[in-house]
Amino acid sequence: MTDVNIIDQSDDESGQSREVLMNLGPQHPSTHGVLRLLLQMDGEIVKRIEPHIGLLHRGTEKLCENFTYTQIFPLTDRLDYLCQPSNNLGYALAVEALLGIKAPERAQYIRVMMAELSRISGHLLITGALPMDLGAMTTLLYTMRDREMIMDIMEMISGARMHTSYCRVGGVREDLPEGCLERILEFCNIFEHRIADYESLVGNNRVFLARVENVGNITGEDAIALGLSGPCLRASGIDWDIRRDAPYEIYDQLDFKVIVRTDGDCYDRWKCRVDEMRESLKMVRQCIAQMRPGPFLIDDPKIAFPVNKDLLAHSMEAHIHHFKLAAEGFKVPKGEVYTAIEAPKGELGFYIISDGTEKPFRVKIRAPSFVNLQALTRRTTNMKYLADVIAMIGSLDPVMKEVDK
Amino acid sequence: MADQFPVAKIIANFNGRVSIDSEVTDMACVVVKPIDLVELCLFLRDNPAFKFNFMTDIGGVDFFPNLPRFQLVYHLYSIDFGWRLRIKCPLEDPPKAPTITEIWTTANWHEREAYDMYGIVFEDHPDLRRIYMWQDFEGWPMRRDFPLRGYKDKYNPFGEEKPGADQDPIGDIL
């Protein structure tokens, strides 16, 4: 009831009004989950947008305060559920920074490879979903076919298609299974040609272009003030990518281009993602080429389970460590840290305050979708009609689970 | 990158009103009183020597039962220089802080979140409502004295007993 009072519908004393308050969502296919919008409409023209979020709020940050450091990994999976390895990586980096450790090189390559694969998977969805929101169903069916291949790879590596929870503090859970790299290379070879297919399928489509070109333009200045990050920011001409400007893991070993476009309209945001998939593919190939055999988890019995499982049968000490680790978790020294990674949606940050116990004192998640979604509230001349709002939501690519935390 | 960042310049400019938090090691960190917050933010954004144009994140922290109980933590980023800066702003109970929505539009939802979760009131905020919880919700869920499972009521029989509430919840459940 409180919502209705916020926008006053009556223009004069008679209570007659030209403007109508319309509700969009939360259960609407083009709101990408459970986003609810209140639109003040004058005919087909949108006067004001008021997003109502929180329908998927699970209190992730509160839960984090009550979980041990390792137990939080599955929670991070459920932030951006299209790109779980990225979220895992961001969180693992924060805890590792607090502990002052670094994962072995092979683990870093595996993590980055997984993160880039998941970036392709996330971008694939929006490559198809934005045209679908605008009425072109076909693309989504094809992109989902390719996403399926990535899901299969994820299942092969971690055992789970979506919520992988594959990262651990100090490395990854297990080494890559046999034949996995060949499978990924096979995917790369197939997928390489398909990106061009998607571009020609919708990228040159007259109707699609009419719906997205010059719609929802955001200038670079506005984009920074709104705190946009990731493809949404780069589409507005701001050349900033954390992978290049503050490289974490082994990104400084990889050769890739940062995709920057200038117009900042819905098309540019879409195109930016399509081009980023090519770069990600390049990075996956480089990771595979550069990866060397070696340890995949840090050798520290206080932090990680022993890699050699036979040890548990012979060594009492290993047994005790294993028990303590499983029952209580590990202690993290007092301190605070903020780490940011370039997640597919933008800057994903974890701010962790540790009080020296097994559970974090405070975890603040800087969710990129949450920040990016706020761009919807901005008044813009290029987002005039209801149909443009739909294009705008799609091009901002919010994942509601991440928005609502 | 953070090590080249001239924190001393900020301290000098603010003349004792801003201090360095030396316990923080991952990036430069300054502590400021709420009354000087807006001035500091404007200075950091507009001074060509810093250009902290990107407001990354605002988070509330509750140090219950320690005092001062609340704290706001701001993370800034300078896209031009690649510097990060953390601003801490300790708050008394009941917590009140000035809004910085005029400086960075993005602060709007971040501040609403901090209000929703910790009950930190941002003065002059254009639209200070709950963002995640529903508007009629009572209490501040992220405060440390708020139980993990919430308070017991008709729809939440496994929640904790509300202190000082009527000790006859059975009638409520049935």
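Against the conditions (1) more than 9 Å from chain A (Cβ to nearest Cβ); (2) at pLDDT below 90, B:CYS89 satisfies every one except (2). Cβ-Cβ distances below 7 Å connect the following pairs, each with a first residue in segment A:268-291 that is part of a loop (DSSP other than H, G, I, E, B), a second residue that is modelled with pLDDT of 90 or more, and a separation of six or more residues or different chains: A:MET291/A:ARG106; A:MET291/A:TYR109. Annotation note: of A:PHE361, A:PHE296, the sole residue that is touching a strand residue (DSSP E or B) at 6+ places or on another chain (Cβ under 9 Å) and under 30 Å from A:LEU55 (Cβ atoms) is A:PHE361.
Select, from A:GLU347, A:GLU328, the only residue that is buried (at least 20 other Cβ atoms within 10 Å of the Cβ), in the same structural domain as A:GLY220 (by TED's automatic domain parsing) and charged (D, E, K, R). Step through it out loud before you land on a result.
Working: A:GLU328 fails: buried (at least 20 other Cβ atoms within 10 Å of the Cβ).
Every option except A:GLU347 fails the conditions.
Against the numbered list (1) more than 10 Å from chain B (Cβ to nearest Cβ); (2) open to solvent by 40 Å² or more (accessible area, probe 1.4 Å), A:ASP245 comes up short only at (1). When B:SER78 is tested against (1) under 13 Å from the mean Cα position of the chain (by Cα); (2) more than 8 Å from chain A (Cβ to nearest Cβ), only condition (1) is not met. Could you please let me know if A:ALA327 is more than 14 Å from chain B (Cβ to nearest Cβ), in contact (Cβ under 8 Å) with a residue 12 or more places away in the chain, out of contact with any strand residue (DSSP E or B) (no Cβ under 7 Å at 6 or more places or on another chain) and of a type in the set (Gly, Ala, Ser)? In short, no.
Selection of segment B:31-45 for residues being touching a residue at least 60 places away in the same chain (Cβ under 8 Å), away from every other protein chain (no Cβ under 14 Å) and open to solvent by less than 40 Å² (accessible area, probe 1.4 Å) yields B:PRO34, B:LEU37. Give me the residue from segment A:89-121 that is more than 14 Å from chain B (Cβ to nearest Cβ) and in contact with a Ser or Thr (Cβ under 8 Å, 6 or more places away or on another chain) and, out of that set, nearest to A:LEU348 (Cα to Cα). Here the answer is A:TYR91. Counted as qualifying within segment B:50-166 are the strands (runs of 3 or more DSSP E) with 2 or more residues that are open to solvent by 20 Å² or more (accessible area, probe 1.4 Å), touching a strand residue (DSSP E or B) at 6+ places or on another chain (Cβ under 7 Å) and not small (Gly, Ala, Ser), namely B:83-91, B:96-98, B:121-123. Residues in segment A:356-380 that are closer than 26 Å to A:ALA136 by Cβ and open to solvent by 10 Å² or more (accessible area, probe 1.4 Å): 1 in all.
Here's the yes/no breakdown for (1) free of Cβ contacts under 8 Å to residues at least 12 places away in the same chain; (2) out of contact with any His (no Cβ under 7 Å at 6 or more places or on another chain); (3) open to solvent by 40 Å² or more (accessible area, probe 1.4 Å):
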{"site": "B:LYS9", "(1), (2), (3)": "no, yes, yes"}
{"site": "B:ALA12", "(1), (2), (3)": "yes, yes, yes"}
{"site": "B:ASP21", "(1), (2), (3)": "no, yes, no"}
{"site": "B:CYS29", "(1), (2), (3)": "no, yes, no"}
{"site": "B:ASN47", "(1), (2), (3)": "yes, yes, no"}
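B:VAL24 falls short on exactly one of the conditions (1) facing chain A (nearest Cβ under 10 Å); (2) in contact with a Lys or Arg (Cβ under 7 Å, 6 or more places away or on another chain); (3) in a strand (DSSP E or B), and that condition is (3). Scanning segment A:2-17 for residues that are at pLDDT 75 or above and open to solvent by 50 Å² or more (accessible area, probe 1.4 Å) turns up nothing.
Scanning segment A:129-142 for residues that are farther than 18 Å from A:PRO398 by Cβ and in contact (Cβ under 8 Å) with a residue 40 or more places away in the chain yields A:GLY135, A:ALA136, A:THR138, A:THR139, A:TYR142.
Of note, A:ILE353 does not satisfy the criterion of being buried (at least 17 other Cβ atoms within 10 Å of the Cβ) and away from chain B (no Cβ under 14 Å). B:TYR115 meets each of the listed conditions (1) touching a His at 6+ places or on another chain (Cβ under 9 Å); (2) of a type in the set (Phe, Trp, Tyr); (3) modelled with pLDDT under 90 apart from (3).
Looking at A:THR143, A:THR60, A:THR70, can you tell me which residue is touching a Lys or Arg at 6+ places or on another chain (Cβ under 9 Å), within 14 Å of chain B (Cβ to nearest Cβ) and among the polar types (S, T, N, Q)? Give the derivation first.
Details: A:THR143 fails: within 14 Å of chain B (Cβ to nearest Cβ); A:THR70 fails: within 14 Å of chain B (Cβ to nearest Cβ).
Just one listed residue meets the conditions, A:THR60.
None of B:THR106, B:THR101 is touching a His at 6+ places or on another chain (Cβ under 8 Å) and not aliphatic (A, V, I, L, M) except B:THR101.
The values are calculated or read from the model by the stated rules, or taken from the named source; none is laboratory data. Please read these numbers as outputs of a predicted model, since none were measured by experiment. All Cβ positions, even for glycine, are placed from backbone atoms using ideal geometry, and neighbour counts span all protein chains on display. Quick note on the areas: whole protein, heavy atoms, side chains included, nothing else; ligands and nucleic acids left out. Shrake-Rupley method; radii C 1.70, N 1.55, O 1.52, S 1.80 Å.
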